[in-house]
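Have a look at the structure below, then the notes.
The values are calculated or read from the model by the stated rules, or taken from the named source; none is laboratory data. Bear in mind that the values here come from a model prediction, so they are computed numbers and not experimental data. Cβ placement follows ideal geometry from the backbone for every residue including glycine, while neighbour counts extend to all protein chains displayed.
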Amino acid sequence: MKKLRWGLIGASTIGRERVIDAIKQTGGEISNVFSTNAARGAAYANEFAIAGSTTNLNDLLDSPIDAVYIATTNDLHHDQCVAAAKAGKHVLCEKPLATNLADALSMVTACKVANVELATNHHLRGAATHRAMRGALKSGQIGRPLAIKVIHAGYLPAHLQGWRLTNPAAGAGAILDLTVHDADLMRFLIDDDAASVVAMIQNSGMATAGVEDAAMGVITFRSGILGQFHDGFTTKYIRTSAEIHGDSGSLVATNCMTQSPVGEVVLRTANGESNLPLEHENLYVRTINAFNAAISGEGKSLSTGEDGAASLAIALAALESARTKSVVDISS
Ligand code: NDP
């Protein structure tokens with residue numbers, strides 16, 4: 001598999017905390033970082049021994065790189081992705097792909113037309129916990145699935161309490177930040193698409209008025225499976241989880257809605273309880289390895305551009321539901 005030469009679009013926290021290390025672990029080389037602020041870009045390049053930084057996106061796209069990692073605020077993903085695709089670069093884009101569905105679909109089309117890979121960084125598909133749950137479901141260990149539930153609420157760390165809480169234009173709020181991940185994970189776990197969503201939101205004072213800092217809701221899947229989510233930035237002592245309940249067993253994962261390779265999964269059936277064997281692995285390394293494999297024609301990205309558009313459609317429907325106090329259908 002070819003080792004990729006990367007450019008970073010955005011001097012981001014997620015790059016700093018997770019993705020730069022994962023790119024390096026996959027053998028990738030990062031040669032340039034784009035930032036709107038020259039000093040921030042230069043400091044970031046220096047911090048990670050990246051050869052160059054630029055405030056001109058075209059300079060980065062004209063440089064000899066194979067792929068870009070887009071980790072700017074959500075409103076910027078569309079234009080940056082389309083520009084990268086036009087320059088013939090493969091794109092690993094952060095979630096949510098965009099702040100509206102038309103933009104997400106246009107990103108998918110632009111990458112298809114340019115014949116470049118578009119992957120969405122829904123890293124939770126890479127978790128050993130979730131892969132084991134999907135495997136157990138597929139091998140019939142819980143029978144026919146009836147319900148799926150995700151708790152992805154926690155406490156937003158102080159250093160992330162910026163645009164996520166205050167800037168609706170940038171895609172603020174718990175739904176675009178967290179529910180979008182849940183939507184992708186549920187689609188992955190049960191291999192089904194959403195038919196409708198109903199949601200309610202809360203503003204407890206952490207976020208600016210008009211921006212939700214927590215949300216709960218129910219997704220109805222096309223097969224009839226009901227999915228429940230609880231997302232938020234405000235609860236310090238909650239434990240994350242993902243559960244699938246079937247007619248002959250249940251799978252309960254705890255401490256799994258996270259960036260780290262941790263958590264456990266219990267299978268509960270008429271035979272009692274047992275822990276599923278797990279081989280934990282860096283979720284972001286797994287995501288990037290799959291992206292590399294897709295580019296080499298040896299596999300598929302864990303979450304594609306189409307998957308990113310589908311998860312965004314669910315999140316946007318949840319927002320619409322909360323605002324209109326109605327059940328919102330999701331078209332295919
Ligand atoms: P950051 O706020 O760290 O970065 C977003 C942008 O803000 C950067 O592009 C940068 O602009 C600017 N910025 C960074 N630091 C500063 C600063 N000190 N002062 C002013 N501006 C600054 O965002 P995140 O890294 O948290 O999120 C980026 C994207 O990644 C989002 O789409 C988010 O949803 C996604 N994300 C995904 C995660 C995952 O696990 N899949 C986890 C966390 C985030 P510039 O580039 O111009 O320098």
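Here LEU319 does not qualify as in a strand (DSSP E or B) and in contact (Cβ under 8 Å) with a residue 12 or more places away in the chain.
Restricting to the range 182-209, count the residues that are on the phi > 0 side of the Ramachandran plot and either within 16 Å of the ligand (Cβ to nearest atom) or within 18 Å of the chain's Cα centre (by Cα) (or both).
1
Out of ALA194, ALA174, which single residue is within 19 Å of PHE233 (Cα to Cα), in contact (Cβ under 8 Å) with a residue 24 or more places away in the chain and not polar (S, T, N, Q)? On inspection, the qualifying residue turns out to be ALA174.
Counting residues in the range 260-272 that are under 30 Å from LYS89 (Cα atoms), modelled with pLDDT of 95 or more and not aromatic (Phe, Trp, Tyr) gives one or more. Can you find a residue that is of a type in the set (Val, Ile, Thr) and closer than 26 Å to GLY263 by Cα anywhere in the range 176-187? Looking for residues that are of a type in the set (Val, Ile, Thr) and closer than 26 Å to GLY263 by Cα, one finds at least one in the range 176-187, hence yes. Taking residues in the range 1-24 that are charged (D, E, K, R), and partners anywhere that are loosely packed, with under 14 Cβ neighbours inside 10 Å and modelled with pLDDT of 95 or more, the pairs with Cβ atoms closer than 7 Å and at least 6 places apart or on different chains are LYS2/SER296; LYS3/GLY27; ARG5/PRO64. Restricting the range 1-50 to residues that are closer than 22 Å to ALA83 by Cα and exposed (fewer than 14 other Cβ atoms within 10 Å of the Cβ) leaves a set whose member that is farthest from the ligand (Cβ to nearest atom) is ALA38. Residue pairs whose Cβ atoms lie under 7 Å apart, separated by 6 or more positions or on different chains, with the first residue in the range 67-78 and within 16 Å of LYS89 (Cβ to Cβ) and the second more than 9 Å from the ligand (Cβ to nearest atom) and of a type in the set (Gly, Ala, Ser), are VAL68/GLY7; VAL68/ALA84; HIS77/ALA98; HIS78/ALA98; HIS78/SER106.
Scan the range 77-89 residue by residue and report those that are touching a strand residue (DSSP E or B) at 6+ places or on another chain (Cβ under 8 Å) and within 16 Å of the ligand (Cβ to nearest atom). HIS77, GLN80, CYS81, ALA84, listed by residue number. Scanning the range 210-220 finds one or more residues that are β-branched (Val, Ile, Thr), within 16 Å of the ligand (Cβ to nearest atom) and at pLDDT 95 or above. The set of residues from the range 225-255 being farther than 19 Å from ALA132 by Cα, touching a residue at least 40 places away in the same chain (Cβ under 8 Å) and assigned to a loop (DSSP other than H, G, I, E, B) comprises ILE225, PHE233, THR235, LYS236, ILE238, ARG239.
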